[in-house]
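This report concerns only the one structure given below.
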Amino acid sequence: MTTKLDYAKKIRILPGRAFPIGSAVRENGIRFAVFSRHATRVWLAIFENDDDEQPVLELEYDAGRHRVGDVWSMYVEGLSAGTLYAYRMDGPYDPRHGLRYDRSRFLLDPYAKAFVGNVARGTAKSIAIGEKPDWVDDIHPRVPFDELVIYETHVRGCTIHPSSNVQHPGTYLGLIEKTPYFQELGVTAVELLPIHEFGESLDLVNPLTGEQLANYWGYNSIGFFAPCGKYATTANGEQISEFRHMVSKFHEAGIEIILDVVLNHTFEGNEKGPTVCFRGIDNAIYYMLDDEGRYLNYSGCGNTLNCNHPLVRDFILDCLRYWVTVMHVDGFRFDLASILGRDTRGRIAENAVLIERIAEDPALRDTKLIAEAWDAGGAYQVGSFGDIRWAEWNGRYRDDVRKFWRGDQKMRGPFATRLSGSADLYELEGRTPGHSVNFVTAHDGFTLRDLVSYNDKHNLANGENNVDGSPFDFSWNYGDEGDTTDPAILALRMRMQKNCLATLFLSLGVPMLLGGDEFGRTQKGNNNAYCQDNDISWFNWDMVEQNRNLFEFCKRVIRFRKQNPACTRLHYFDGKPVGAGGQPDLAWYNRAGKSVAWDGTELSLACRIDGSQNLGSTLYLMFNPSLNDCEFNVPDGRWVVRLDTAQDAPLDLPDAADAPALAGPAKVVLAHKSMMVLAAQEIF
């Protein structure tokens, strides 16, 4: 065991540079630089082991020698990479003025690249990491927006179930083993739920089982530069190498990595939460506070990062640059991104500096930026977030598509708008359909199978009396709540899943598929499974074979999308005549083949996409969300039925050579709750 005296003999303390902030491993020692404006005393604590509660050595910063402006920095000669460390800080405890110093608390380094220990239990330490070598062979795929197919998943949940059959379940390395699956499906980008180091603890118990619950999703970040050690096979700093290895392997497969980043709040929560980092370093700088020093809560999680304070802006930009330049990720999805646009008083700024800085940062210019353009404080900016660099999760798409297929009245117009790229939201801002990230389901809410199996959320297992989770799912169980053995209900649910998948991949915009929807993953009606690190959330890969028809349909509809540029175009249809025939590029019809009365009570809808927009092949799409079979008029021409969700495989989406022929003009009957796509072989 190394003693305090041993350490004291081998080290020498020198003044350190004030920039850059964080720990920097050098040949003969380590520089430790940390920002704090209001601290009066600062200590560097050195630990020997992961689980040590007390340091083997503490070194106090000399304010005269080791402080430049608001940065406390010392160079400790004799230390090497892998050193475990934390800070202690003293200063005023004056919550009314935002100051909450507690010299008894060991504090994590906000700029640390890796942690060991347990954040929630207060035993975590920062690791001094040597500079990683530059990438030699890795090349970003740089998938253009018209080729993006995003797959949203969770690193642990994707492979932790025994059915995953991977060598390293629940880890970055385990996810690598699923790249052939993603390639087969047609995925070109994987969006990972938060992988930053986070606090897992929750004061919640599953009342049904007595199980202690934990924050499974990870929307509780504390180490914004640090990949989560729990998702690595070895968490002593090797999580960085394993994460980078995962990125390089996905890039070799032509698949991008997009990170879901939670730059709006932290694990520390409100005034009752733990002090592990930012609160103890400079609470008044890092968090939004009211005039009484109380935490403003636009995140719904107890606190809100003070994103547009100049110092916090720099911290966020440093973080994003690190993940792009050192870790080689390809994009970010910003959780509750409207918070990035709130000023230091919490007001939505018309021209938010941080949002513009992220868009204009030279190191991030090739990085995909996707905003969840709302927050828990009432902001809703879908269609108006940032500038042309920003794409958005299109929450309007999700709601309108769900309501249309449920059979709600007066949804034909909104549905047609979403299918054709949401021009109402983006065109006037000079954006394209590529700015709309379309989704029917996401991690937050029902899975696709549950969307068509439950009328109500079933979240009792979360320990919050079923009050958590959105009450607005626009779902329908089609006759039975949850699991059923009724073959008619099961067949209709399968058809509805196909309808939603086909709509998603035939719509203009960037499709995002919730992981597992392609094979009918269920969360048993839980629409807020953030705390369920168990079978409720884990992918059961046996279901790929159990629901092989659904998987094959999803795979083939993605392929159909890629083969038809009318589905991937990055400019809007304008309805004007094109080509030699003078037909409009896109025209909408009722089922009789006449112009649509958009405010009528009819539910069904059809549209024609001219072949000049689709490699010469005209498409005719018909949608019947009603509970009755409906007769549709088919225009003149020789057609083949390329998609029919009422059919079983392989006739639900046959290859062109095997597709049933249809000569128009004709009448076809669409089964209730189904859709059909015809492709023209010849137009008369």
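Quick notes on this one:
- Size estimate for segment 108-176 follows the Kirkwood approach: the inverse of mean 1/r over distinct Cα pairs works out to 15.8 Å.
- Cα gyration tensor shape for segment 326-408, rounded if a/c is under 1.5, else prolate or oblate: oblate
- When each of the peptides 321-327, 503-509 is scored by the mean number of other C-beta atoms lying within 10 Å of its residues, the order from highest to lowest reads 503-509, 321-327.
- Lys, Arg +1 and Asp, Glu -1 on Cβ, resulting dipole of segment 574-682 about Cα centre, debye, nearest 20: 220 debye
- Folded to 0 to 90 degrees: helix 238-252 orientation relative to the chain principal axis, Cα: 30 degrees
- Crossing angle, helix 487-506 versus the chain [Cα axis fit, 0-90 degrees, rounded to tens]: 70 degrees
- Rounded to the nearest 20 debye, the dipole magnitude of the chain is 780 debye, with +1 charges on Lys and Arg beta carbons, -1 on Asp and Glu beta carbons, and the Cα centre as origin.
- Prolate/oblate/rounded label for segment 574-682 (Cα gyration tensor, a/c 1.5): oblate
- Among the trypsin sites (Lys or Arg not before Pro) in segment 31-137, those placed in a DSSP loop whose Cβ has at most 16 other Cβ atoms within 10 Å are Arg37, Arg65, Arg103, Arg121.
- Among Ala461, Asn351, Ile13 - extreme Cα towards positive end, dipole of the chain, charges at beta-carbon: Asn351
- Anisotropy class of segment 4-127 from Cα gyration tensor, a/c 1.5 cut: oblate
- Full-stretch length increase - Ala597, Thr123 - with 0.36 nm per residue and alpha-carbon distance subtracted: 164.2 nm
- Label point distance in nm, Lys10-His245, each placed 7 Å from Cα along Cα→Cβ: 2.8 nm
- Qualifying GluC sites (Glu not before Pro) for segment 328-382 [loop in DSSP, other Cβ within 10 Å: at most 13]: Glu350
- Footprinting exposure proxy for Arg156, Arg559 (fewest neighbouring C-beta atoms within 10 Å first): Arg559, Arg156
- Among the listed pairs Lys403/Lys576; Lys132/Lys230; Lys498/Lys555, those with a Cα-Cα distance over 23 Å are Lys403/Lys576.
Values quoted throughout were computed directly from the atomic coordinates according to the rules given, and no laboratory measurement underlies them. The structure presented is a predicted model; accordingly, all values stated were derived computationally and were not measured. Positions of Cβ are backbone-derived with ideal geometry, glycine not excepted, and every protein chain shown enters the neighbour counts.
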